[in-house]
Structures are given as structure tokens and as C-alpha cells.
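Taken together, the values in this text are just the output of simple stated rules run on the coordinates, not laboratory data. Everything numeric in this text was worked out from a predicted model, so none of it was measured. Heads up, the Cβs are rebuilt from the backbone with ideal geometry, glycines too, and the neighbour counts pull from every protein chain shown.
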Amino acid sequence: MHNALQGAPLEWSSAMQRTYLEKVLDNALLLEGTYDYVVIHDPQPAALLALSSSSSVNGPNTKWVWRCHIDLTDANPDVWEFFRPYVEQHDASVWTMPEFVPSSLSMDRIVQAPPCIDPLSVKNLELPTPFVGEICKQYGIDPHRPMLCQVSRYDPWKDPLGVIEAYRIVREEVPDVQLVLAGSMATDDPEGFQVWQDVDAARQGDSDIHLLSNIQQVGNVQINAFQRAADVVIQKSLREGFGLTVSEGLWKGTPVVGGRAGGIVLQIRDGEDGYLVDTVEECAARCLELLRDPDGAQEKGAAGREHVRRNFLSTRELEDWVGLFTSLSG
């Protein structure tokens, strides 16, 4: 369902629809209490409002907001038309980019508000350089050698296989380069383990391709360290709602090479903070460019950090939500 809304083919059967509604109803029956605002994130619980109509949680003054984090520009029409009536029951919807909003959506209040990172979270706090180096060593990564890093779920839309291809092109000119692919295995993504196996097979036993996840106790501190240790952070997504890892990398002063997809184009000013790419070959060429020019890479990383400070920190997101709640309450 999630993939179909991002453009993947899917036969959306009545049995699937029934399963979806049954599970949402199970959750609706667990809701208790009354609220001023209820924010529903993404399609998984989108029907919660419709199925909570008789619940105490849905009081006469309760305002419901649907927050869409994914790119619906090429959504499977059958799946989107199933969801659209449930979305339109909400008092407002919030989107990462106006381009993501389907033309068929009929709502009075449609808001654009990109996600943000929390600079005080463990994943984004400052870390001493020696500590960063020690964490890398614990995972077999040499902090003194060039390093490329992509942090993302094991999802085909993140194109981890394309990242490996780009790394191999880079290695032809920078033989000692390393690649770190790190991310969590999402419990709600049954395809994640299959993608992991595909990526593991693609690295062909290369000890300089480090395939890491929460299975190896990689958490927020480790991700923070990897992004700081990297010479280049990559986010070569083919489809992307926003891609918080781009802002995370830039916030650490590391230049980012990202796929020209979704919200990544909001975060990377091409040539200023890093580069936007469309192909494996472009990705490799831009990574090589940054590795060959460490001073220029440092300048791009610093520019990226300032761009994130001005646009993608949680203080700005807080202002967005307070403004929306205030307008909804009249």
C-alpha cells in the first residue's frame, strides 16, 4: 500500500481493503479520552477518523489533521481513490511539498510544511572527534580512510544497490575508499529483510562495504558518528518523501550527494551544499569531486549546516504546528 502510493504497481483487491479497515478499526476501539487535536501520520491510520466517529476521542471541537510524508505525484490511482475520501474528512492536511498533493484532493486547508530534525536529539548532538573514531573502529571502519555513507531503511526506493555501483566506480580512482550502508530494519516493513539480503549479495564479500543495522546494535549514537566521520553522505533515493538523513548529514557539516527526488531537492542546493544526481554515474562523479577537493567539500558542508539551521530545525516545525493549530481553533 505504501509503495503503491509512491507509484509501485499493485492489484488493490477488496480483500486487502477489508484487511486494512479491520486493522484500523481495531486501533480505533483502543482510543480513549478527548483531545483538542489529533494528528494522523501517513496512509496506515488514515481511516481512523472515519472509524472513530462515535468514539469519545472525536468530540465536537476536536480537530483532525492528516500529515502525508510520502510523494503522491505518481500514486497508484486505485489505491489513492480508496484513501482520498478518508483523507478529505480531516480538517486539514499537511504536505512536504505542494507537488505531492494530488489534484483530485478536495480540502479547504492544505498546508505545506517540510519535516525537520531535532538538533538536541542523540542522533544530532555534537560528538568529540576521538569518540567518533572509536565508534567507527568498533564496526571495522577505518576513520583515517575515505568514507562514503548512506543512512536509510533497507528499501528499494533508497537504491542501496545503486549506491554500491557508484562506490565501485569511485574505488577505481580512490582504491582505499570505504562504504557504510547503515539503517534500521523497520518492523512494519516485511520487505526490508529481502532488500537486506539483496544488498548483502551485491557487495560480494567486499570487506570495505559495511552493511549495518540495528541488528548489529547500530543506534542513534552510531549513526551520528558515521555521518560525522563520512567524507560524503549519500542519499540516492529514487522516490523520497523528505529524507531527514540529508538534513542530518548537512547539520554535521558533511556535504551530501542526493537523488533528485521529492524533498531532497528542498534540502540540497545543487552545487552549494552538495549535489543532486539522477544516475549511478553522476553519483560516483560527484562523490569523486568532493573526495578530490576536501576544502571545497568542507565549504559545502558548512553552507549546508547553515541552510538546515535556517530551514529544517524543529524550532521552525514547532512554529508551523502552533500556527496551524491556532488557525484551526479560530
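Counting only alpha carbon atoms, the long axis of helix 294-311 and the longest principal axis of the chain meet at about 20°.
In µm²/s, what is D for the chain at 37 °C and 0.692 mPa s, where D = kT/(6 pi eta Rh) by Stokes-Einstein and Rh is the Kirkwood radius from Cα pairs?
Working: Rh = 21.1 Å.
D, rounded to a whole number, is 155 µm²/s.
So what is the relative contact order of the stretch 129-311, in percent, for Cα pairs below 8 Å that sit 6 or more residues apart?
Computed over the stretch 129-311, the figure is 23 percent.
In the structure displayed, which of Lys158/Lys252; Lys123/Lys236; Lys63/Lys123; Lys158/Lys300 lie more than 30 Å apart, Cα to Cα? Before the final figure, lay out each step's value.
Numbers: Lys158/Lys252 21 Å; Lys123/Lys236 20 Å; Lys63/Lys123 32 Å; Lys158/Lys300 23 Å.
Distance filter (> 30 Å) returns Lys63/Lys123.
Across q = 0.12, 0.13, 0.19, 0.20 Å⁻¹, the stretch 92-239 modelled as identical point scatterers on its alpha-carbon atoms has Debye log10 I(q)/I(0) values of -0.59, -0.67, -1.17, -1.25, in the order of the q list. Relative to the first principal axis of the alpha-carbon coordinates of the chain, what is the inclination of helix 160-173, with its axis defined by its Cα atoms, in degrees from 0 to 90 and to the nearest 10? For 160-173 against the chain, the angle is about 20 degrees.
Give me the percent relative contact order of the chain, please, defined on Cα pairs under 8 angstrom at least 6 residues apart. Don't skip to the answer; put the middle values down first.
Details: 581 pairs, mean separation 50.8, N = 330.
So the answer I get is 15 percent.
If you model the stretch 37-115 as an ellipsoid using its alpha carbon gyration tensor, with each semi-axis the square root of five times an eigenvalue, the axes come out at 21, 14, 10 Å, biggest first. Per-residue ellipticity at 222 nm from helix content only, as computed over the chain with -39500 (n - 2.57) for each DSSP H run of at least four residues, stands at -12500 deg cm²/dmol. Mind checking the angle between helix 220-229 and the chain's longest principal axis? C-alpha axes, 0 to 90 degrees, to the nearest 10. Taking the Cα atoms of the chain, the angle to 220-229 is about 40 degrees. Counting beta carbons within 10 Å around each of Arg171, Arg228 and listing the fewest first gives the order Arg171, Arg228.
For the stretch 1-113, the dipole from Cβ point charges (+1 on Lys and Arg, -1 on Asp and Glu) about the Cα centre works out to 180 debye, to the nearest 20.
If you take the alpha carbon radius of gyration of the stretch 174-330 and divide it by 2.2 N^0.38 Å, what ratio comes out, to two decimals? Please list the in-between numbers first.
Values: Rg = 17.1 Å, N = 157, 2.2 N^0.38 = 15.0 Å.
My calculation over the Cα atoms of the stretch 174-330 gives 1.14.
Of the residues Pro255, Leu161, Val180, the one whose Cα sits farthest towards the positive end of the charge dipole of the stretch 129-311 is Pro255 (charges of +1 on Lys and Arg Cβ, -1 on Asp and Glu Cβ, taken about the Cα centre).
If you count, for each residue, the other Cβ atoms within 10 Å and average over each peptide, how do 251-259, 160-168 line up from highest to lowest? Don't skip to the end; give the middle numbers.
Working: 251-259: 26.6, 160-168: 22.4.
Ranking, from highest mean packing down: 251-259, 160-168.
Summarising the label geometry, the points placed 7 Å from Cα in the beta-carbon direction at Asp270 and Glu22 lie 4.8 nm from one another.
Spherically averaged projected area of the convex hull of Cα atoms, the stretch 156-249: 6.3 nm².
Is any residue of the stretch 277-316 close enough, with backbone N under 20 Å, to a label point placed 7 angstrom from the Cα of Leu125 along the Cα-Cβ axis, and if so, which? Under cut-off, by backbone N: 313-315.
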